[in-house]
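Comments concern the structure below.
The values are calculated or read from the model by the stated rules, or taken from the named source; none is laboratory data. Small disclaimer: the values here were computed from a predicted structure and weren't measured. Neighbour counts are summed over all protein chains in view; Cβ atoms, including those assigned to glycine, are modelled from backbone coordinates with ideal geometry. Accessible surface is based on the protein model in full, side chains and every heavy atom, while ligands, DNA and RNA are left aside. Shrake-Rupley method; radii C 1.70, N 1.55, O 1.52, S 1.80 Å.
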Amino acid sequence: MARRQTATLRTLRPVPPVWEIRLDLEYAPGAGSYVLADLGGPVREPLFPSVVDDTGFCTIVPRGHAVTRYLPGTPIDVIGPLGQGFRLSAAGYVPDRLLLIAEVDELPWLQPLYQAAPSVALVVEATTRGRLPPPARFPPTLELTLVTRDGSTGYLGPLESDGPTPVGIECALPRVRELVAWAECICIAGDMARYPALARLVQEVRFRPQTDFAQALVRVPMPCGVGVCDICRVTTRHGERRACVDGPVFDLMDFLE
Amino acid sequence: MIELAPNHKYGLPIAVPVMPASGTFGYGEAYHDLVDLSLLGAIVTNPVSLRPRRAAHGQRIGVRADHFVVHTGWPSPGLHRVIREAGPVWRRLPVPVIVHLLAARPVDVGRAAAHLSGVRGVRGLELGLTEDLSFAEARDLLAAAAEEGDLPVIVKVPFSRVDDLAPRLAQAGADAITLMSPPRAVLPVAGGEAGGQVARFMRGRLYGVALFPLLLNALSRWAGKLGVPVIACGGIASPEDALACLTLGAAVVQIDALLWRVPWLLNSVARALVQSQPQPDTEQDDVSADQGAMEANL
Ligand code: FES
C-alpha cells in the first residue's frame with residue numbers, strides 16, 4: 001500500500017564523507033525498502049534505511065544534499081514504505097547464518113541486518129583502505145572480512161575475480177566462496193553491473209540455490225515509486241522488471257546471464 | 001458534463017475537466033491509494049504499442065533545479081498484454097479510460113484502434129506523435145485510428161509542432177487536440193570522470209513548472225480556434241494553473257509528470273475546478289469576459 005505520511009526530521013550529523021539524518025515516522029521502511037521523500041526538488045527521492053527502530057529510521061545522504069540544510073523538527077512529506085525489501089525468512093525460517101556483502105558506499109543499506117541472525121558475516125569492499133569505515137564502527141558480533149581493490153588492507157579484490165595475486169596478498173575470492181558455502185542466506189548491496197558475476201559465483205558454490213537464497217539490492221532513480229514511470233526498469237533473466245515495485249531487492253539469480 | 005468529442009458519433013463525455021497525462025499514471029490503478037479516481041474526468045494510460053517495446057538503455061532521468069529530463073524509450077508490454085492485464089481494471093474504474101497509442105505505422109495504429117474498440121471501459125484513444133512526422137504521416141495515422149476503430153481520437157501534438165500540426169490535424173478529423181507533448185531537451189548530467197570533469201549529456205522529454213508559460217502561449221494562440229476541444233498539458237502544478245488553462249479556452253487539463261511528486265494534485269485540481277464552475281446561466285458571460293480580458297492582455 002502506498003501510504004502518505006509526514007516524517008519529522010529529528011537529527012542530522014556529519015559522518016564523513018556523508019551525513020546521517022534521522023526521521024521520526026510512524027511506518028518506517030524495513031531493510032532494502034524505502035520511502036519517497038519530497039525534499040523540495042521537482043521529483044521525490046527514495047530514502048533507504050541505514051537504521052530502523054520503533055519510532056523511525058536513519059538514512060545517509062551525500063554531503064551538500066539539500067536536506068542537510070533543514071532544521072531539526074522540519075516536517076517532510078513521504079510516501080511509503082514502498083517496494084520489496086530483504087526477505088530473510090523467504091525459506092520459511094529465519095536463517096542462523098547470514099552473509100552480507102557490500103561495496104562500501106552501499107554498506108549503510110545492509111546495516112539494519114547486522115543483528116538479523118545469530119551469526120552474521122560481513123564482506124565489505126572498497127577501492128582502498130582509507131575508504132573503509134574504522135573497525136570500531138562495526139558491532140563486535142560481526143565476522144568482518146575487508147576487501148580492497150588495491151590490497152592496502154584485508155583481501156585483494158574485486159571479490160568475484162580470481163585474477164593474479166601479488167606475493168604476500170591473499171585474493172578475496174576463496175574467502176568469499178567459503179562464506180557463500182557457509183551462509184544460509186546472502187544479502188548484497190553494490191553496483192548492479194557486478195550482479196551477474198556474483199550470481200555466477202553463488203551458482204558455482206551452491207549449484208542450484210533456492211529462490212531468494214541470495215538477494216541483491218538495486219538502487220536506481222525511482223521518481224514515482226508505484227510502477228508508472230518506467231524509469232527504474234532493470235533487465236533480469238525474466239525480462240524487464242521495475243525496481244520500485246518488483247524490487248528494489250531481487251533474487252540475485254535473476255541477474256544470471 | 002464536458003463533451004470532449006462533440007463531432008464523434010458516440011462522443012466522449014467526462015464529468016470533471018482533469019486527467020493524468022500519458023506516461024505518468026500507468027494503466028489505471030497504481031495510484032489508487034493516493035488518488036481518488038472517482039474525482040477525475042478520465043484516466044489516460046501509459047503509451048501502448050501494438051508490439052512489446054523494451055526500455056531505453058542508459059540514464060533515464062536527469063534532475064536539475066526545478067526541471068527534469070526523462071528518456072525511457074516508452075517501453076510497452078504490447079497491446080494484447082495490456083488489454084489482458086489492465087482490461088479487468090478498466091472495467092471496474094469509475095471513470096472512462098483513454099488509451100494512449102504510440103503512433104508508429106498506420107497499419108499498427110489501425111489494428112490497435114480496432115482491438116481497443118471492443119474493450120469495456122475504453123472510451124477514447126489519444127494518439128502520441130513523434131516530432132519528426134510530416135503532416136501527411138500524422139494525418140494517415142489519425143485516419144487509420146479513426147477508420148479502423150470506432151472510438152473518438154484525440155491527437156497529442158509535439159511541443160515543437162503545435163503551429164504546424166494542431167490546426168491541420170483538427171481539420172483532418174481529430175476529435176480533440178492535446179497541447180502538448182513535452183519538448184525534447186538536453187541536460188548535462190552528473191558523472192563522468194574525476195568528479196564530473198568530463199561532461200555527459202542526456203536527451204529526453206523535459207518536465208517542470210517552466211513548461212507552464214509555454215503551454216499558456218500555445219493555448220492563447222490556438223484554443224478556441226481549432227474547432228475541436230483542446231486539452232492542456234504541460235507544467236500544470238496547481239489548481240490556479242489549471243484554472244488559467246480553462247480561462248484561455250482549454251476544455252480539460254492533464255497533469256503531467258509533476259504528479260509523481262504530488263499525486264494528490266489531481267484531486268486538488270479536480271475539486272477546485274468543480275467548485276469554480278459558474279452557474280449555468282452566467283457561465284458564458286464569465287468565460288467570455290475572462291477571455292476578453294486575457295485577449296486584450298495578449
Ligand atoms: S519508479 Fe517509476 S516505475 Fe519505478
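Considering only B:Leu101, B:Pro88, B:Pro75, whose Cα is most displaced toward the positive end of the charge dipole of the range B:52-113, charges sitting on Cβ of Lys, Arg (+1) and Asp, Glu (-1)?
Value computed over the given set: B:Pro88.
How many angstrom lie between the Cα centre of the range A:32-50 and the Cα centre of the range A:208-255?
With the range A:32-50 and the range A:208-255 each reduced to a Cα centre, they are spaced 17 Å.
Ignoring ligands, DNA and RNA, please state the percent of accessible area on the range A:97-255 from carbon and sulfur, probe 1.4 Å. Kindly include the intermediate steps, with their values, before the conclusion.
Values: 3240 of 6580 Å².
Summing carbon and sulfur atoms, their accessible area is 49 percent of the total for the range A:97-255.
If I stretch the segment between B:Gln277 and B:Asn217 completely, what's the gain in nm (0.36 nm per residue apart, minus their alpha carbon distance), one decimal? Working shown, then result.
On the way: separation 60, 0.36 × 60 = 21.60 nm, distance 2.34 nm.
Gain in length upon complete extension: 19.3 nm.
Quick one: buried accessible area between B and A, total over both chains, 1.4 angstrom probe, nearest 100 Å²? Walk me through the intermediate numbers first.
On the way: alone 13700 and 12190 Å², together 23740 Å².
Protein heavy atoms only, the B-A interface buries about 2200 Å².
Only sites in a loop by DSSP and with at most 15 other Cβ atoms within 10 Å count here; which trypsin sites (Lys or Arg not before Pro) in the range B:1-56 make the cut?
Numbers: sites: B:Lys9, B:Arg53, B:Arg54; in loops: B:Lys9, B:Arg54.
Qualifying residues, ordered by number: B:Lys9, B:Arg54.
Rounded, prolate or oblate: which one fits the range B:1-69, using the alpha carbon gyration tensor with axes a ≥ b ≥ c (rounded when a/c is under 1.5, else prolate when a/b beats b/c, else oblate)? Let's see the in-between values first.
Details: a/c = 2.17, a/b = 1.62, b/c = 1.34.
Taking the square roots of the gyration eigenvalues as a ≥ b ≥ c, the range B:1-69 is prolate.
Please label the shape of chain A as rounded, prolate or oblate, based on the square roots a ≥ b ≥ c of the eigenvalues of the alpha-carbon gyration tensor (a/c under 1.5 means rounded; beyond that, a/b larger than b/c means prolate, else oblate). Display every interim value, and only then the final one.
Values: a/c = 1.80, a/b = 1.39, b/c = 1.29.
Since a/c reaches 1.5 and a/b is larger than b/c, the shape of chain A is classed as prolate.
Compute the accessible area per residue over the protein assembly as shown, keeping the other protein chains in place, probe 1.4 Å, unit Å². Each step should come with its number before you reach the end.
Working: 23740 Å² over 555 residues.
Per residue, the protein assembly as shown has 43 Å² of solvent-accessible surface.
Only Lys, Arg, Asp and Glu count, each charged at its Cβ (+1, +1, -1, -1), so figure out the dipole size of chain A about its Cα centre, rounded to 20 debye. Let's see the in-between values first.
On the way: 25 positive and 29 negative charges, 72 e Å.
My answer is approximately 340 debye.
Among rounded, prolate and oblate, which fits chain B when a ≥ b ≥ c are the square roots of the eigenvalues of its C-alpha gyration tensor, a/c under 1.5 means rounded, and a/b larger than b/c means prolate? Write down the numbers at each step before the final one.
Numbers: a/c = 1.40, a/b = 1.13, b/c = 1.24.
It comes out rounded by the Cα gyration axes.
Compute accessible area for the range B:232-276 by itself and then with all protein chains, 1.4 Å probe, and report residues whose area falls by 50 Å² or more.
For the range B:232-276, once contacts with the other chains are taken into account, B:Trp260, B:Arg261, B:Trp264 lose 50 Å² or more.
Ignore the peptide's own chain and count Cβ atoms of other chains within 10 Å of each Cβ in A:215-228; give me the average, rounded. If you can, show how the numbers build up before the last one.
Numbers: counts 0, 0, 0, 0, 0, 3, 7, 2, 9, 10, 3, 10, 6, 15.
Mean shielding by partner chains, rounded to a whole number: 5.
Using a loss threshold of 40 Å², tell me which positions in the range A:236-257 are less accessible in the complex than in their chain alone. Probe radius 1.4 Å, ligands and nucleic acids ignored.
A:Glu240
Quick check: convex hull over the Cα atoms of the protein assembly as shown, volume per residue in Å³, rounded to an integer? Could you put the intermediate results ahead of the total?
Working: hull volume 94.1 nm³, N = 555.
Cα convex hull per residue, to the nearest whole number: 170 Å³.
Do any chymotrypsin sites (Phe, Trp or Tyr not before Pro) in the range B:4-106 lie in a loop, going by DSSP, with at most 15 other beta-carbon atoms within 10 Å of their beta carbon, and if so which?
On the way: sites: B:Tyr10, B:Phe25, B:Tyr27, B:Tyr31, B:Phe68, B:Trp90; in loops: B:Tyr10, B:Phe25, B:Tyr27, B:Tyr31.
Loop-located and lightly packed - B:Tyr10.
Which loop-located GluC sites (Glu not before Pro) does the range B:124-217 contain, where loop means any DSSP state but H, G, I, E or B and the Cβ has at most 15 other Cβ atoms within 10 Å? Don't skip to the answer; put the middle values down first.
Details: sites: B:Glu126, B:Glu131, B:Glu137, B:Glu147, B:Glu148, B:Glu193; in loops: B:Glu131, B:Glu193.
Taking the range B:124-217 and a limit of 15 other Cβ atoms within 10 Å, the loop GluC sites (Glu not before Pro) found are B:Glu131, B:Glu193.
Taking only C-alpha pairs under 8 Å that are 6+ residues apart, what is the relative contact order of the range A:98-173 in percent?
Dividing the mean separation by the residue count of the range A:98-173 yields 23 percent.
Once you put a point 7 Å from the Cα of B:His32 and another 7 Å from the Cα of A:Thr128, both along the Cβ direction, what distance in nm separates them?
With each label point 7 Å from Cα toward Cβ, the separation is 5.5 nm.
Can you show me the helix-derived [θ] at 222 nm for the protein assembly as shown, built from DSSP H runs with n ≥ 4 at -39,500 (n - 2.57) apiece and divided by the number of residues, rounded to the nearest 500. List each step's numbers first, then the result.
Numbers: 10 runs with 124 residues, N = 555.
My calculation for the protein assembly as shown gives -7000 deg cm²/dmol from helical runs alone.
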